[in-house]
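Working notes, beginning with the structure itself.
The values are calculated or read from the model by the stated rules, or taken from the named source; none is laboratory data. In this text, all values refer to a predicted model and were calculated from it rather than measured experimentally. Glycine also receives a Cβ, built like all others from the backbone with ideal geometry; neighbour counts cover every protein chain displayed.
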Amino acid sequence: MAIEEDYIRIIDDKGVLKGSLKVSIKPEVGSNNLDDYDNLKELISKELSVEIAIKEAVDIPEEYANNVYCSYTMTTLGDQV
């Protein structure tokens, strides 16, 4: 289930494409890879960690190439984050 490298589009608040991020995503449960599990029920009560690496940003317009940052929102089903 890991994503070795892929491009994620950068979209502005008006829905216009402003470039792309080259990322890798590696989810793990303990010391196991998600591919080691047969179904999602096996993951209940297990700690999930996700490593997200941003390799590069490409095709960003010059006027947006200063003070570039990445933000994310994480929602959970429970009260703990």
For this session: Mind listing whichever residues of the stretch 31-52 are surrounded by 10 or more Cβ atoms within 10 Å (Cβ to Cβ) and not polar (S, T, N, Q)?
Result: Leu34, Asp36, Tyr37, Glu42, Leu43, Lys46, Leu48, Val50, Glu51, Ile52
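Please work out which residue is modelled with the lowest pLDDT, limiting yourself to the stretch 10-20 and to residues that are under 13 Å from Pro61 (Cα atoms) and not β-branched (Val, Ile, Thr).
Asp12
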For this session: Could you tell me whether Leu17 is surrounded by 10 or more Cβ atoms within 10 Å (Cβ to Cβ) and more than 16 Å from the chain's Cα centre (by Cα)?
Result: yes
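Residues are listed down the side, and each one gets a yes or a no for (1) at pLDDT below 80; (2) touching a Gly at 6+ places or on another chain (Cβ under 8 Å):
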site	(1), (2)
Glu47	no, yes
Lys55	no, no
Asn66	no, no
Tyr72	yes, no
Gly78	yes, no
